[in-house]
């Protein structure tokens, strides 16, 4: 379900994103993002990642990865963009068929060095 909430979106995404997955809901900043197919696809990729890691594992690993990258590069935006979950979602959010052929744990191939 997609919910419009500028406050929750800003808080949970540190102001870096127009949408955010707070399982099982996708929150977007405003009405125009509700119909943005690429943004919704991006968040649906996160939804699939969360299911694979039983939700709690997704958020725990997401936070640990963010902290790792933040300590490494000292930039919030750069740390966010280097999280493996974000890499997979950004690399594939324009492919609206991606979730039809995506293999389980595909985010794992995005664990690598700083971009």
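The values are calculated or read from the model by the stated rules, or taken from the named source; none is laboratory data. Source: prediction; values computed, not measured. Positions of Cβ are generated from backbone atoms using ideal geometry, with glycine treated the same way; all protein chains shown enter the neighbour counts.
Here are some residues: 43, 65. Which one is over 24 Å from residue 2 (Cβ atoms) and crowded, with 18+ Cβ neighbours inside 10 Å?
After ruling out the rest, the residue left standing is 65.
For the range 23-40, which residues satisfy the criterion of being under 14 Å from the mean Cα position of the chain (by Cα), free of Cβ contacts under 8 Å to residues at least 40 places away in the same chain and surrounded by 14 or more Cβ atoms within 10 Å (Cβ to Cβ)?
Within the range 23-40, 25, 26, 27, 28, 40 qualify.
Tell me which residues, restricted to the range 25-38, are modelled with pLDDT under 95, within 25 Å of residue 108 (Cβ to Cβ) and in a helix (DSSP H, G or I).
none
Given 63, 16, which one is within 12 Å of the chain's Cα centre (by Cα), more than 21 Å from residue 102 (Cα to Cα) and in a helix (DSSP H, G or I)?
Going through 63, 16 in turn, the sole match is 63.
Can you give me the number of residues within the range 77-114 that are loosely packed, with under 14 Cβ neighbours inside 10 Å and more than 19 Å from residue 19 (Cβ to Cβ)?
The qualifying residues number 12.
Which one of 54, 14 is exposed (fewer than 15 other Cβ atoms within 10 Å of the Cβ) and either touching a strand residue (DSSP E or B) at 6+ places or on another chain (Cβ under 6 Å) or touching a residue at least 60 places away in the same chain (Cβ under 8 Å) (or both)?
Only one candidate passes the filter, namely 14.
Just need a number here: residues in the range 83-106 that are in contact (Cβ under 8 Å) with a residue 24 or more places away in the chain and within 11 Å of the chain's Cα centre (by Cα).
Looking only at that region, the number is 7.
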